[in-house]
Amino acid sequence: MAQQHRPTARRIALGHELRELRKQAGLSLLEAAHGLSFSDTKLQRVETGLQDLRSAGDLRKLLSRYGVTDEDEVERLVATQRDAASQEWWTPDATSLKPGMPRFLGIEAAAQEIRAYNPTLILGLLQTEAYARTRHDSAKSIDETTTEFVDQSVRVRMKRKEALTRDDASLRLWAILYEPSLRHIVGNADLMREQYDEIAELAALDNVTVQVLPQAMRGYLFAHNFSIMILGGAMPTTIQVDTAFGTSSISDKHREVGRFSRQFEALSRSALPPEDTPKIMSQLSREITE
């Protein structure tokens, strides 16, 4: 089956290769970019996957400076660069997304596995359209957003969710939901019952694992949403944490990845086993009707 076209994954992979080639050549960013048509700052953004190097000519010159002379290798990297310059599905909406969101979407789309913890609201990748829309509507007056923004945000969220349910779905999700996030009522009882059913159905997929962290548990607890996005291959695992300002903080620093990985492991040990999740969703549905 054909691999899903993922420009951001290509961009991150190409940037990682270019960084390794530069290091092997013993060059600093400033030395590598000297005399070329782009700055060392742009090269740094290219190496971290934040920007693509659109000119094949620039890439060839850079590779020559790094001592890459094998034409087959050069052509492979040029082809990767061409794919990396393609638009993602959210590109038409990029200018109206919250700061940091386009980068997060790109890394999420490149991920092979996501491990996510949500203590206050149901994880976006597990939300129904009705839950997502009601949640955004309730925040309109506070965040001073528009109906158009809500429509766009819900559309993007539902599109992201397709990565879990496509026939060729390769994304694995391991989600830990803190019990208060499930008991917080968004909308009405019918909406929440639909949401509980959706979580149970998604949790039954081979590529989705959902654990519930009981409110009565004793042990380590973390107060903020975070996701660990495992990109696979030589690409760096990346951490995303929601901020109080409605933006995303993103890091692939080894120390941060290690810290959040340990947090996730501790939370997982305190959470109920995945096979209990359908029963918990059913119980929540019954409770909300009483």
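The values are calculated or read from the model by the stated rules, or taken from the named source; none is laboratory data. Keep in mind the model is a prediction, meaning the values are calculated, not measured. Methodologically, a virtual Cβ is constructed for each residue, glycine included, from the backbone with ideal geometry; neighbour enumeration extends over all protein chains shown. The protein model used for the area step is the full one, side chains on, heavy atoms only, and it has no ligands, DNA or RNA in it. Shrake-Rupley method; radii C 1.70, N 1.55, O 1.52, S 1.80 Å.
Worth a mention:
- Qualifying residue in region 204-214 (condition: open to solvent by 40 Å² or more (accessible area, probe 1.4 Å), aliphatic (A, V, I, L, M) and at pLDDT below 90): no
- In region 28-46, the qualifying residues are those that are of a type outside the set (Lys, Arg), open to solvent by 90 Å² or more (accessible area, probe 1.4 Å) and assigned to a helix (DSSP H, G or I), and the one that is farthest from residue 67 (Cα to Cα) is 44.
- Selection count, region 163-187, where residues are outside any helix (DSSP H, G or I) and more than 19 Å from residue 265 (Cα to Cα): 10
- Summed over region 5-27, the residues that are part of a helix (DSSP H, G or I) and either within 19 Å of the chain's Cα centre (by Cα) or crowded, with 21+ Cβ neighbours inside 10 Å (or both) give a count of 11.
- Subset tally (residues that are open to solvent by 50 Å² or more (accessible area, probe 1.4 Å) and over 19 Å from residue 273 (Cα atoms)) for region 177-186: 2
- Complete set of residues in region 62-77 that are among the hydrophobic types (A, V, I, L, M, F, W, C) and surrounded by fewer than 17 Cβ atoms within 10 Å (Cβ to Cβ): 74
- Any hit, region 130-139, residues being part of a loop (DSSP other than H, G, I, E, B) and of a type in the set (Val, Ile, Thr): no
- The lone exception for residue 88 - which of (1) open to solvent by less than 70 Å² (accessible area, probe 1.4 Å); (2) within 22 Å of residue 223 (Cβ to Cβ); (3) outside any helix (DSSP H, G or I); (4) modelled with pLDDT under 90 it fails: (2)
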